[in-house]
Amino acid sequence: MTTLFALAFLLCISIAFGIKCNVCTSTKSMSDCNDQMKEQDCPANFDRCAKMSLDFEVGGLKTESYAKSCYTKSGCESGNAVFQNCKKIDGATCELDCCDKDGCNAGTVTAVSVILVVACTLMALFR
């Protein structure tokens, strides 16, 4: 019986600490991206939420890209290949902002995670 409660507790912790991020893409503006934004549960190996804005021109071709998505800590530290290339272009605007809280910009889900952890802890302690 103790094993069952320990497994239930671990399951509750893993559920409580899964990150949720706002996800969207646009080639127009971040405002347009926000209009399409949806909250998504991130895969297990993604532990950050990211917001990326790229605006650059190469060979007369202007590129604008705006996105919010699930990301990894290492991805936030270095950026993806497009972001890295953007940083090498003179006059380009390349921004990557990361955070490790649910929703990054809409953080009301954190309270649910805290409630789950407390409930699971109490269940494990007072079986």
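Every read-out reported here was derived from the displayed coordinates using simple, explicitly stated rules and does not represent laboratory data. Given the structure is predicted, the values throughout are model-derived calculations rather than measurements. Cβ placement follows ideal geometry from the backbone for every residue including glycine, while neighbour counts extend to all protein chains displayed.
At-a-glance table
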| item | result |
| --- | --- |
| Residue order, fewest to most beta carbons within 10 Å, for Val82, Val23, Val58 | Val58, Val82, Val23 |
| Backbone N under 18 Å from the Val58 label point (7 Å along Cα→Cβ), restricted to region 86-102 | 86-96 |
| Whether region 19-109 is rounded, prolate or oblate, judged on the alpha carbon gyration tensor where a/c under 1.5 counts as rounded | oblate |
| Non-local Lys pairs in region 19-109, i.e. 8 or more apart or on different chains, that have alpha carbons under 21 Å apart | 25 |
| Peptide ranges 32-40, 63-71 listed from the most packed, as the mean C-beta count within 10 angstrom indicates | 63-71, 32-40 |
| Computed lengthening from Asp100 to Lys88, 0.36 nm per intervening residue step minus Cα-Cα distance | 1.6 nm |
